[in-house]
Each structure stands twice: as structure tokens, then as C-alpha cells.
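One structure is given below, encoded as C-alpha cells.
The values are calculated or read from the model by the stated rules, or taken from the named source; none is laboratory data. Nothing here was measured: the structure is a model prediction, and the numbers come from that model. Quick reminder, even Gly has a Cβ in these numbers, built from the backbone with ideal geometry, and neighbours come from all protein chains shown.
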Amino acid sequence: MTALLSIGDFAAVTHLSIRTLRRYHRDGLLEPARVDPGNGYRWYGTDQIADAQVIRRFRELDMPVPEIARILRTADLDARSALVAGHLARLEDRLTTTRNAVAALRRLLDPAGSPVEIVRRTDPARRVAAVRGETTHDSAPAWYARAAAEIDAALVAAGARPAGPPGGEYANALFTGGSGVATVYVPTDREIDDGRVHTVVLPARDLAVTVHHGPHDDIDVTYGLLGSHLAEHALVLGDGVVETYLAGPRDTADPAAWRTEIGRIVFSTSARG
């Protein structure tokens with residue numbers, strides 16, 4: 001037989017405050033076993049202690065109240081497990097984001113501890129299979145993924161092979177205004193014309209480049225270091241950014257092994273008069 005506990009005693013054994021228990025009652029998350037019709041006093045059964053402890057653990061993990069309610073109302077163990085697994089996956093993603101943000105802050109607070117090598121070079125004209133289009137800053141990663149998949153499929157269909165690592169060119173407006181033209185490409189050994197994928201000849205140009213190591217969560221720090229260098233050396237920038245994906249998700253599942261070359265088209269002020 002289930003014994004009843006007053007709301008105060010129930011709060012003491014579950015480590016949920018009286019105020020919290022009242023709120024959970026209002027929200028329909030944990031209803032008392034009995035409410036006195038005369039004075040409205042709440043009583044809880046001892047068989048509710050486990051549910052209360054589960055709720056407290058989930059709330060410590062920032063699970064929303066409606067989601068906890070769905071778990072408690074679901075009798076199917078597989079469905080419960082799926083709900084819990086989904087929330088844990090979100091927590092792991094948040095933890096990864098937090099760790100990456102901490103790493104970026106450490107780089108920002110100690111820039112001397114993470115120097116980058118910046119070099120000048122001249123790239124010759126190159127033939128690439130490319131997709132070019134308008135996108136927004138927020139949707140750029142998804143746009144890139146679709147374009148890259150289309151290029152891969154077009155190369156296979158044409159029997160062509162990559163002649164170098166993939167890359168992308170992104171107009172300044174994409175960063176400054178939130179939308180702009182992006183071009184994703186793969187150097188190739190033959191002409192491609194398949195759907196959105198076309199052969200484009202990238203012109204020869206002078207670049208200042210550096211390499212960002214690791215995931216892209218703190219790539220803005222490397223961008224900042226490159227921008228500072230270019231400003232300090234009085235170099236005039238062409239429109240846009242050139243990125244070359246020397247090693248990325250297509251090559252390794254370890255983000256720490258990713259290497260992204262960042263380049264800016266540059267002109268010296270003296271050369272331009």
C-alpha cells in the first residue's frame with residue numbers, strides 16, 4: 001500500500017522545493033496523489049518519489065518540462081529511450097560548441113600562443129568544375145554541402161578526376177551584408193557541363209594565405225589574424241575570400257586534423273599608385 005507524504009515531507013525526500021512542486025502540479029508534470037478538497041493541501045504517494053527524482057535529474061540536464069512530461073506519460077520503453085537519447089545528443093552538441101568557444105576565447109586572450117604563418121604567392125589560372133550562386137551567411141554551410149555533392153556526382157558521370165583539393169570563393173557581401181555570391185569548385189582534368197556544374201577558369205591572382213588548423217568554430221580568429229597582417233602591411237584587398245579545403249570532413253572524421261587554407265586577393269598600395 002502506498003503511503004502519503006505531506007508536500008513538505010515529499011519536498012524533503014525528493015530535494016524538490018515546495019514552490020517547485022506546486023509549479024509542477026500547475027504544469028501537469030507531477031500531480032499530487034491527493035488534494036484536500038477543504039484546504040487544497042497536497043499529498044504525494046511514496047510511489048511518486050522515483051518520478052520526482054527522475055524529473056529533478058532531467059531538469060538538471062536542462063530538459064524542457066513538456067519533454068519530461070512526454071517521457072513520463074510514455075509507457076513504451078523504446079519511445080522513452082528515443083526521447084532521452086535525443087536530448088542527450090543535443091547536450092553533447094552543446095558541450096562540443098562550448099568547448100570550441102572556450103578554445104576560441106583562449107586563442108583570443110593569448111594570441112601570441114597561437115601564431116599563424118602568412119605567405120604571399122601567385123596562383124596561376126586554373127580550370128575547375130564549379131557551382132556558383134547566391135546564398136545567405138546562415139545557409140552557406142548547407143548550400144556548400146549540396147553544391148559539393150553535385151560536383152562530385154558530375155565528376156563521376158563525366159569520368160573526370162579531381163586535380164587538387166576542393167575550394168570556395170565567397171564575396172565580401174556574404175559576410176558584410178548577410179548574403180552574396182558563393183562559388184564552390186574542384187580542380188578537374190576536363191570540361192564539365194552537368195546541371196548547375198560548369199567549367200570555370202579561375203584567373204591568375206596574387207594571394208596572401210594562411211592555414212587554419214582544426215574545426216571551423218574558431219576560424220574567425222584566424223581570419224582576424226590574417227586581416228591584421230594585411231592591414232599592417234598596407235595591402236589592398238580584392239573582393240571576397242578564397243578558401244581551399246586541404247583536409248576536411250571528406251578526408252577525416254577527426255576535426256582536429258582539418259586544415260583550411262584562407263586566402264585574400266591582394267594588391268600592394270605602391271603597385272596601384
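General observations
- Criterion: more than 16 Å from the chain's Cα centre (by Cα), modelled with pLDDT of 85 or more and assigned to a helix (DSSP H, G or I) - qualifying residue of ALA112, ALA142, ALA149, ALA129: ALA149
- Failed condition for ALA173, given (1) out of contact with any Gly (no Cβ under 7 Å at 6 or more places or on another chain); (2) free of Cβ contacts under 8 Å to residues at least 12 places away in the same chain: (1)
- Any hit, region 22-35, residues being in contact with a helix residue (DSSP H, G or I) (Cβ under 6 Å, 6 or more places away or on another chain), part of a loop (DSSP other than H, G, I, E, B) and among the aliphatic types (A, V, I, L, M): yes
- Any chance GLY238 is modelled with pLDDT under 85 and either of a type in the set (Ser, Thr, Tyr) or not assigned by TED's automatic domain parsing to the domain that holds ASP123 (or both): no
- Within region 152-178, the only residue that satisfies the criterion of being surrounded by fewer than 16 Cβ atoms within 10 Å (Cβ to Cβ) and assigned to a strand (DSSP E or B) is PRO162.
- Looking across ASP239, ASP220, ASP251, one residue alone is of a type outside the set (A, V, I, L, M, F, W, C), assigned to a helix (DSSP H, G or I) and surrounded by fewer than 16 Cβ atoms within 10 Å (Cβ to Cβ). It is ASP220.
- Single residue of region 182-215 satisfying the filter (among the basic types (Lys, Arg) and exposed (fewer than 15 other Cβ atoms within 10 Å of the Cβ)) that is modelled with the highest pLDDT: ARG196
- Of the numbered criteria (1) among the polar types (S, T, N, Q); (2) modelled with pLDDT under 85; (3) outside any helix (DSSP H, G or I), the one ASN39 fails is (2).
- Pair list, Cβ under 6 Å, 6 or more apart: region 135-148 residue touching a residue at least 24 places away in the same chain (Cβ under 8 Å), other residue assigned to a helix (DSSP H, G or I): THR135/TRP143; HIS137/LEU174
- Only one of the listed residues (ALA157, ALA147, ALA171) is closer than 19 Å to ALA247 by Cα, of a type in the set (Gly, Ala, Ser) and in the same structural domain as ARG264 (by TED's automatic domain parsing). That residue is ALA147.
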